1. Could you tell me whether any residue of the range 491-509 is among the aromatic types (Phe, Trp, Tyr) and either open to solvent by 10 Å² or more (accessible area, probe 1.4 Å) or assigned to a loop (DSSP other than H, G, I, E, B) (or both)?
2. Considering only residues of the range 282-333 that are assigned to a strand (DSSP E or B) and among the acidic types (Asp, Glu), which is nearest to residue 569 (Cα to Cα)?
3. Find the residue count for the range 582-597, including only residues that are of a type in the set (Val, Ile, Thr) and surrounded by 21 or more Cβ atoms within 10 Å (Cβ to Cβ).
4. Which of the residues spanning the range 257-274 are crowded, with 24+ Cβ neighbours inside 10 Å and either among the charged types (D, E, K, R) or farther than 18 Å from residue 179 by Cα (or both)?
5. Being at pLDDT 90 or above and either loosely packed, with under 14 Cβ neighbours inside 10 Å or in contact with a helix residue (DSSP H, G or I) (Cβ under 7 Å, 6 or more places away or on another chain) (or both) is true for just one of 150, 196. Which residue is that?
6. Among the residues of the range 372-398, how many are part of a strand (DSSP E or B) and over 24 Å from the mean Cα position of the chain (by Cα)?
7. Would you list the strands (runs of 3 or more DSSP E) that sit entirely within the range 523-603 and hold 1 or more residues that are of a type in the set (Lys, Arg)?
8. For the condition under 17 Å from residue 217 (Cα atoms), surrounded by fewer than 23 Cβ atoms within 10 Å (Cβ to Cβ) and at pLDDT 95 or above, what is the one hit in 517, 579, 561?
Amino acid sequence: MSDDSNSAEAGANPAPTPAKTTWPAVRLWPGIAVVVALWAVRIWGNTGEASRTKFFVAFIIAPLAATVGLLMWWLLFSRVRWSDRALLVGVYAALAAATVAICGEDFPPMALMLYALPAVASAWVGWLTVSTWMAWPWRRTLLIGALTLTFGAFTLLRVDGMDGAFRSTFNWRWTPTPEETLLADLSRSPEPASPTVTEYVADEIELQPGDWPGFRGANRDGRVIGIAIATDWKQTPPKQLWSRRIGPGWSSFAVVGKRLFTQEQRGDEELVVCYDADTGDERWRHAEQTRFTEVVAGPGPRGTPQFHDGKIYAQGANGTLSCLDAATGKALWTQDIAKDSGAKLPQWGFSGSPLVAHGLVTVFAGGPSGKSVLAYDAESGKLAWTAGEGMHSYASTQAATLGGVEQLLMATDTGLISLDPESGKAIWTHDWKTDEVPRIVQPAVLNESDILIGTGMGFGTRRIRVAHDGSKWPIEEVWTSKQFKPYYNDFVVYGDQLYGFDGPIFLCFDIKQNKVRWRVRGYGNGQVLLLADQGLLLVLAETGEAALVEAQPKKRVELSRIEVVSGKTWNHPVIAHGRLYVRNGEEMACFELPIAATAEPAE
C-alpha cells in the first residue's frame, strides 16, 4: 500500500479529540441583591432612633431572611450544576453546625446569627463575584475554603456582651474573662473567716437614717436626701476608699450601716454577697447552684437585694427567691417563682427586685392565669396570693399611696395595675398594651393622684391621673408623649421636670408642659440619681464616669466628672452616708464624697 493511500485513509477517519468541558456562568445578580439588601438594612438599623422594630428587623430578621434568600438563589437560580449546588449547601450546613458546637457559650447561637450569617453570605457572594476569571473547579474549591475560613474565624472569638446601642465587644476566646480572672484570684486567696465567729453576728442590724435598703432607695425613686456635697471635683475630688473585682451581674446595692449587699455570678454559683462597707472585704456569701447568661448583657443576676427587718430578700435571674439572715447569710427560705407561677424564663432573665410591705414579699413573675405578681409571707416564704395578667416586664413592684390608700403598682406589657398589698385584689388598672414589649423602668409617682409610665422601644411616656371616689377609681390620661422613651434607664423627678435617658440621649423633660427642655449626648445608656437637697443630678455614664449635672430646665450644666469604674456600666449607683458606691459586671468601688460648706439648691 502506497503512502498516498495511507494518507487518504487517515483523512477519511481522523483520530477523536477530547471534548472541551464547559462550565455554565454563575448567575450572580440575585445573590448580590440579597447581600446588598442585607447590609442596607443593617446600616438602617444602626442609624437614627433605636426601636424594638428596627433592632429585630436589622439584626435578627434580616440575617435569617438573607440566609434563606441566599440558599434559594443558590438552589434555584444560580445555574450551577445540581451536584455542586447540593455539595455547597451540605458544606454550609456542616460548617454552621461545627461552628455552633465549637463556639459554645463563648459565641452563642444568637450572636452567630447576628454576625456570622451576614459575614458568610458576604464571603460566599463576594468570592464568586471577584473570581469570574477562574475555571469552575478552582472557584468551587476556593469558595469552600472561603466559607471554612469565615465560619472558622468565629470559633476564635468570644463575644463579651453588647452596649446600649447593641455594639458588641469581641475578644480572643483564649483570653480570660474578668470573671475567670476573679475566680483565679479567689482560688489563690484564703477563704474569709466564718461569720459565726466574728463580731458581726452579734450585731443587731437595723435600718438607720442614711441607709439605702434596696433598689433605687427606700421609695424606689432614685432620690437622695440629707446630704450636700461640694461640686468642684477638680479642687475637692471624691476620695476613693477602696475598689475590688466583682463577679458579673447587674445588681445594685443595699446599704445598711457598715454592710453592703449585692448579687453576682461566680462560675456556676449565683451569689448574694455581703461586703464590709469600709473596706470592701467580703463578710459572707450565699450561693445557689445556677447560672444565667444571654448574649447582650452576659451572665449574672439582674435584681438588687432588699433589706427588711434583719433579713435580705434577693431574686436570681433564673427565678430563685431567697430570704437570708442579714448578719450571717444563712438561708431562711427559698422559693422558685417560675415554678410557682408557671412562667417561662424571660429572654433577659428575671430582673425584678423584691419588695417587702405589710409582711409580704412581692415579685413580678409573669405567669399566666392571674399569676403575674406573686406575694410570699416574709417570715415563712409561703405563697400568699397571686394577681395580674401581664406576662412581660423587667420592672419591680412599687409601693404608693394614692387617694389616701396604700397600694402596689406594677408596670407590664398590659399597662399599669394597682393591687391591694395585703390581699392582691386589683384596685384599678390602666390599659396600655405594648404588643409584648416589656416595661423596665419604675412608674414614677408624682403625688397622690398622678403617675408617669415610661416605655421604651418607641412607645413613650404617659401621665395618668387617678381619682378616688368611694369604691370607684376613675383614671384620666393627661398626656402621652413620644419625646421621652425610657428603655432600661430609670429617670428621676425634680420639681416639674424629669431627668433621664431616651436611649443614648440624656434629657430634661417638662412634665407640666409636656415638652423637652434640653437634650444632650455624652453619657451613653447610663443611670441617674437625684441629690434633692441641692438640685443636683449624679449621672453614671455607661462608660463608668460619674458626672454632676445641675437639675435645672434652662440648659445642661455639667459641674464635674471623674472616672469611677471602667467598662460597661449599667448598674444603678448608690449614695449612702456620704459615700458613693458604684459597680458594673467587673468591679466595684467606694468613694467618700466631699461635703459642701453650705447647700443652695440650683435654680
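The values are calculated or read from the model by the stated rules, or taken from the named source; none is laboratory data. Values in this document were obtained by computation on a predicted structure and should not be read as measured data. No Cβ is skipped: glycine too gets one built from the backbone with ideal geometry, and neighbour counts run over all protein chains shown. What goes into the accessible areas is simple: the full protein's heavy atoms, side chains included, and nothing from ligands, DNA or RNA. Shrake-Rupley method; radii C 1.70, N 1.55, O 1.52, S 1.80 Å.
1. Yes, there is a match, as at least one residue in the range 491-509 is among the aromatic types (Phe, Trp, Tyr) and either open to solvent by 10 Å² or more (accessible area, probe 1.4 Å) or assigned to a loop (DSSP other than H, G, I, E, B) (or both).
2. Among them, the one singled out is 294.
3. The qualifying residues number 1.
4. Result: 260, 261, 264, 270, 274.
5. Going through 150, 196 in turn, just one is at pLDDT 90 or above and either loosely packed, with under 14 Cβ neighbours inside 10 Å or in contact with a helix residue (DSSP H, G or I) (Cβ under 7 Å, 6 or more places away or on another chain) (or both): 150.
6. 8
7. Of the strands (runs of 3 or more DSSP E) lying wholly inside the range 523-603, those with at least 1 residues that are of a type in the set (Lys, Arg) span 558-563, 579-583.
8. 579
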